[in-house]
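A.B. asks: Below is the structure I would like to discuss, written out as structure tokens.
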Amino acid sequence: MSLAHCADSVSSWTPSSAENAQIARSEGSLQTVLQVLEKHIQNGDVVESSSAALWALSIHKVLNDEQFEDITLLLIEAFDLHLRKETIVKNICLALSSLIRMSQLVAFRILVPDYDRNGLALIIQSYHIHYTDPEVVQDICMVFQAMAQYEDVVADLISQKLDVTLNNIKMKFASNEDIVTVVDSTLSKLQTADANPPNEGDNSTMVSI
């Protein structure tokens with residue numbers, strides 16, 4: 001199945017159309033999207049369509065645990081290559097937010113550098129590039145909010161000074177209720193964790209990637 005066929009199918013999906021998710025699974029559209037994205041990752045138009053397709057597929061939960069890591073790494077690579085393209089940044093952030101909510105592994109993979117790509121640093125960098133576009137900024141903030149839902153991830157977000165970026169965003173977009181709500185939710189989780197650090201005897205460790 002071609003990417004154009006896949007994109008046409010994805011464009012008609014809505015979160016309530018569970019039947020389409022089953023069709024997508026049976027037609028193997030996920031594998032098609034991943035193959036095309038990997039082969040043409042330098043092509044902005046392909047990346048834009050592919051990331052939108054992955055977002056739609058993730059909404060319908062057509063993914064399994066074994067696929068999360070490969071998909072996340074591809075999206076981070078595409079993010080790095082097309083960091084200045086607003087639509088691509090938006091689509092990838094939407095896809096990552098959805099994936100993170102499905103699996104903590106995705107959040108960890110964003111935090112752990114791969115081939116000198118630090119996913120969180122790239123997402124923060126994208127804010128500084130697109131700080132004049134509230135739609136892009138809101139989608140970026142949704143990624144931060146999704147990551148902060150996991151206690152094991154919050155410590156890393158604090159250590160990488162995400163609160164500085166979030167406070168910067170809150171100040172700049174003080175009149176944008178949608179953005180402020182997302183930022184406040186994320187900051188609250190960071191502040192709570194920072195005020196209640198784990199005991200020294202806590203033997204919990206980060207999930208190995």
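The values are calculated or read from the model by the stated rules, or taken from the named source; none is laboratory data. Computed from a predicted structure; not experimentally measured. Here the Cβ positions follow ideal geometry from the backbone for every residue, glycine too, while neighbour counts run over all protein chains shown. Please note that ligands, DNA and RNA were not included when accessible areas were found on the heavy atoms of the full protein model with its side chains. Shrake-Rupley method; radii C 1.70, N 1.55, O 1.52, S 1.80 Å.
A.B. asks: Give me the residue from the stretch 104-121 that is in a loop (DSSP other than H, G, I, E, B) and in contact with a helix residue (DSSP H, G or I) (Cβ under 9 Å, 6 or more places away or on another chain) and, out of that set, farthest from I140 (Cα to Cα).
C.D. replies: Per the stated criteria, the residue is Y115.
A.B. asks: For the stretch 103-117, does any single residue satisfy the condition of being in contact with a Leu (Cβ under 8 Å, 6 or more places away or on another chain), open to solvent by less than 10 Å² (accessible area, probe 1.4 Å), without any contact (Cβ under 8 Å) to a residue 60 or more places away in the chain and over 22 Å from V164 (Cα atoms)?
C.D. replies: Yes, there is a match, as at least one residue in the stretch 103-117 is in contact with a Leu (Cβ under 8 Å, 6 or more places away or on another chain), open to solvent by less than 10 Å² (accessible area, probe 1.4 Å), without any contact (Cβ under 8 Å) to a residue 60 or more places away in the chain and over 22 Å from V164 (Cα atoms).
Residue by residue, here is whether (1) touching a Ser or Thr at 6+ places or on another chain (Cβ under 9 Å); (2) open to solvent by 10 Å² or more (accessible area, probe 1.4 Å); (3) modelled with pLDDT of 75 or more holds:
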{"site": "A7", "(1), (2), (3)": "yes, yes, no"}
{"site": "S11", "(1), (2), (3)": "no, yes, no"}
{"site": "A21", "(1), (2), (3)": "no, no, no"}
{"site": "H40", "(1), (2), (3)": "yes, yes, yes"}
{"site": "N43", "(1), (2), (3)": "no, yes, yes"}
{"site": "I59", "(1), (2), (3)": "yes, yes, yes"}
{"site": "I76", "(1), (2), (3)": "no, yes, yes"}
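A.B. asks: When you look at T186, is it open to solvent by less than 60 Å² (accessible area, probe 1.4 Å) and either farther than 20 Å from I71 by Cβ or at pLDDT below 95 (or both), yes or no?
C.D. replies: Against the criterion (open to solvent by less than 60 Å² (accessible area, probe 1.4 Å) and either farther than 20 Å from I71 by Cβ or at pLDDT below 95 (or both)), T186 qualifies.
A.B. asks: Six or more apart or on different chains, Cβ atoms under 7 Å: show the pairs whose first residue is in the stretch 176-192 and closer than 20 Å to Y150 by Cα and whose second is at pLDDT 95 or above and not in a helix (DSSP H, G or I).
C.D. replies: Correct list of pairs: T186/A148; K189/A148; L190/A148.
A.B. asks: Has the stretch 44-66 got at least one residue that is in contact with a strand residue (DSSP E or B) (Cβ under 7 Å, 6 or more places away or on another chain) and not basic (K, R)?
C.D. replies: no
A.B. asks: Give V143, V153 a once-over and let me know the one that is within 22 Å of L99 (Cβ to Cβ), in contact with a Leu (Cβ under 6 Å, 6 or more places away or on another chain) and surrounded by 19 or more Cβ atoms within 10 Å (Cβ to Cβ).
C.D. replies: V143
A.B. asks: Return the only residue of T72, T87 being part of a helix (DSSP H, G or I) and more than 12 Å from the chain's Cα centre (by Cα).
C.D. replies: The match here is T87.
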